[in-house]
1. With r as the distance between the Cβ atoms of A:E7 and A:L83 and R0 = 30 Å, compute the FRET efficiency 1/(1 + (r/R0)^6) and round to 0.05.
2. Can you tell which of A:A33, A:A92, A:A61 shows the greatest fluctuation in a Gaussian network model of chain A with Cα springs below 10 Å?
3. Can you give the angle from 0 to 90° between the axis of helix A:6-18 and the longest principal axis of chain A, with both taken from C-alpha atoms, to the nearest 10?
4. Relative contact order for chain A: what is it in percent, counting Cα pairs under 8 Å that are at least 6 residues apart?
5. To the nearest 20 debye, what charge dipole does the stretch A:2-89 have about its Cα centre, counting +1 at the Cβ of each Lys and Arg and -1 at the Cβ of each Asp and Glu?
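Rule-based calculations on the coordinates, nothing more; no lab input. Here the structure is a predicted model, which means the values were calculated and not measured. Don't worry about glycine lacking a Cβ; one is built from the backbone with ideal geometry, like all the others, and counts go over all protein chains shown.
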Amino acid sequence: MAAVTDEQVELVRALICSIPAGQVATYGDIAAAAGLSNARTVGWILRVDGSDLPWHRVIRASGRPTDHLRTEQLERLRAEGVLAVDGRVDLAAVRHRFPRTAG
DNA sequence: CCTGTGACGTCGT
DNA sequence: CACGACGCCACAG
């Protein structure tokens, strides 16, 4: 019995795939949009099955990518037009808002 | 069952 | 803004 059903995982995956190029979303937003309570779960899904997802569009709430992916993240984002100042992204400008699935 | 770890977030200093 | 500490959920040993 998994606390997180496959639907949640699929939903998170779908949301991440729904992030348009040039924009990014935070773990918390994805988690909230998927109905999850903790952002860690989003990171968990990515680590388990995020190889097929545009994880580079998923960043922290601070606008900074993860340390081990810092280079990759910024590199990929830069290719999409998402410039990062001092390793930080302007969430106020590139933050993507998810459509409310539950009315 | 308990402990350790992690692609996170928020509060206090 | 940077650093430290706690809370949160899920998985592995």
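1. 0.25
2. Highest fluctuation of the listed residues: A:A92.
3. Between helix and principal axis, roughly 30 degrees.
4. Answer for chain A is 31 percent.
5. 340
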